[in-house]
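Below is one structure, written out as structure tokens; comments come after it.
The values are calculated or read from the model by the stated rules, or taken from the named source; none is laboratory data. Since we're looking at a predicted model, the values are computed, not measured. Glycine gets a Cβ as well: all are built from the backbone with ideal geometry, and neighbour counts include every protein chain shown.
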Amino acid sequence: MSKIIFPEDFIWGAATSAYQIEGAAFEDGKGESIWDRFSHTPGKIKNEHNGDIACDHYHLYAEDVKLMKELGLKSYRFSISWPRIFPDGDGKLNVKGMEFYKKLVNLLLENDIIPNATLYHWDLPQKLQDKGGWTNRETADRFADFAGYVFKELGDLVPFWATLNEPAAAAFAGYAAGVHAPGLNNPEVCLAVAHNLLLAHGKAVKAYRQLGLKGKIGIVLDMWHNYPATDSEEDIKAAWINNNTINKWFSDPVFKGLYPTIPGEPGQFGMSLPEVQQGDMELISTPVDFLGLNVYSRNVVKANPDIPNGIEVVPQNGAVTDIGWEVYPQVIYDLLTLLHKEYNGIDIYITENGAAFRDTVNSEGRVEDDDRVDYLRRHFEQAHRAIEAGVNLKGYYVWSLMDNFEWAEGYTKRFGIVHVDFDTLTRTPKNSALWYSEVIRENGF
Ligand code: FCB
């Protein structure tokens, strides 16, 4: 087998997010977030799990950085909890919260691990939710204030920033499907929520530029590329519609300054178009340095006039991971080449890709997750293929550094390359971590 070698400066990393790993949910002055509230609401999370303790990374961060160093990670993507720093979302600062991230960032730098910080990975301060959350345009201003403060404190130290993680999930899973915090079933407000999230992004990028900082800033978007179930004209059109509306709802505004046009009847999805004020689209399209792409799987779709939006996702028979997502590595190549073309060769980082499997520690203390090794290898191959095709892919972050609180699934889905025993909090690198470590060292495989 010929060797696959990545570009010399390729950034290999692993990702996590604050609520999923930190724990210390009510410690050192941290305020309540919508995920604290949601996970403590009976019936919302599998097994009534919550993030009160999670991986206890807030206390064990030094051990975790040591582990990253041992694995040879070049970079670590984490998120900053807004209510840890501003417990009410605005106003009073919680110095202790800020200190935690300073300690983390400094330790990463001492270990030659590049910090990559995301400012919003879904844990909105509950106090802002009480004022409407993302349905309230002013939340975007509060976010810009929070971002501006963090830039002043850490802007010189952190070379990579993302404003938002997966705003589509925040808007649709949070406000329409209700399966994520704040758990609303109100599709009517979804696109207004999306617009306010985009405004928050634009305002934060502007704040970053105004400070004249030298690092790079971008946004992290998730895409499930759609493939037609058959060659019929209807199915091809169904896939086209999803790829050109839902999938571009955030990227077109950011990179082109406009929303995609929804073909057919406006309001056919039960959603109302947002009120766009003068100057909004200019703000939202303030130039960024990269696109962060979270990609896990694909959708196969067919036209079905009998369901509300006319497009049905068709389950596939092939291999799936423990969360039910089809293993389809080619989606990486297809999406990367498409985005490269669509957005003028923008630098792209895969900010999340990985798989959940039912991992256990065996009697020899090993986690034999060969299915995850296989998943990662095949996805890395497609990323490499995209680079060869000219895509400016600059880095790859595996989701996740360690098993953690998987939102509505609680602790039942293990995405880590490091196993976490949630009773003892013991970390055990899985075979995939050892394999990944080798890939990083060789810059290929
Ligand atoms: C993404 C989220 C991340 C994690 C993975 C599995 O949508 O950004 O926090 O839950 O899915």
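Only one residue in I284, I262 is among the hydrophobic types (A, V, I, L, M, F, W, C), more than 16 Å from the ligand (Cβ to nearest atom) and more than 15 Å from G202 (Cβ to Cβ), so which one is that?
Result: I262 is the single residue among I284, I262 that is among the hydrophobic types (A, V, I, L, M, F, W, C), more than 16 Å from the ligand (Cβ to nearest atom) and more than 15 Å from G202 (Cβ to Cβ).
Within 16 Å of the ligand (Cβ to nearest atom), at pLDDT 95 or above and in a strand (DSSP E or B), is that true of Y328?
no
What's the number of the condition K256 fails, among (1) of a type in the set (D, E, K, R); (2) away from the ligand (no atom under 16 Å from the Cβ); (3) farther than 18 Å from V220 by Cα?
Of (1) of a type in the set (D, E, K, R); (2) away from the ligand (no atom under 16 Å from the Cβ); (3) farther than 18 Å from V220 by Cα, only one is false for K256: (3).
Take the range 51-63 and flag every residue that is assigned to a helix (DSSP H, G or I) and either in contact with a strand residue (DSSP E or B) (Cβ under 9 Å, 6 or more places away or on another chain) or closer than 15 Å to E406 by Cα (or both).
Those that are assigned to a helix (DSSP H, G or I) and either in contact with a strand residue (DSSP E or B) (Cβ under 9 Å, 6 or more places away or on another chain) or closer than 15 Å to E406 by Cα (or both): H57, L60, E63.
Mind listing just one residue for me: the one in the range 9-37 that is aromatic (F, W, Y) and away from the ligand (no atom under 14 Å from the Cβ) and, of those, nearest to D421 (Cα to Cα)?
F26
Scan the range 1-50 for residues that are closer than 12 Å to G410 by Cα, among the charged types (D, E, K, R) and in a loop (DSSP other than H, G, I, E, B) and report the count.
Selection size over the range 1-50: 1.
Are any residues in the range 165-190 under 20 Å from V276 (Cα atoms) and in contact (Cβ under 8 Å) with a residue 40 or more places away in the chain, and if so, which ones?
P167, A168, A170, Y175, P187, E188, V189, C190
Among the residues of the range 331-367, write down those that are away from the ligand (no atom under 16 Å from the Cβ), aliphatic (A, V, I, L, M) and part of a loop (DSSP other than H, G, I, E, B).
Of everything in the range 331-367, those that are away from the ligand (no atom under 16 Å from the Cβ), aliphatic (A, V, I, L, M) and part of a loop (DSSP other than H, G, I, E, B) turn out to be I346, V361, V367.
Look through D289, D231, D222 and report the one residue that is within 30 Å of G324 (Cβ to Cβ), away from the ligand (no atom under 16 Å from the Cβ) and of a type outside the set (G, A, S).
D231 is the lone residue from the list that is within 30 Å of G324 (Cβ to Cβ), away from the ligand (no atom under 16 Å from the Cβ) and of a type outside the set (G, A, S).
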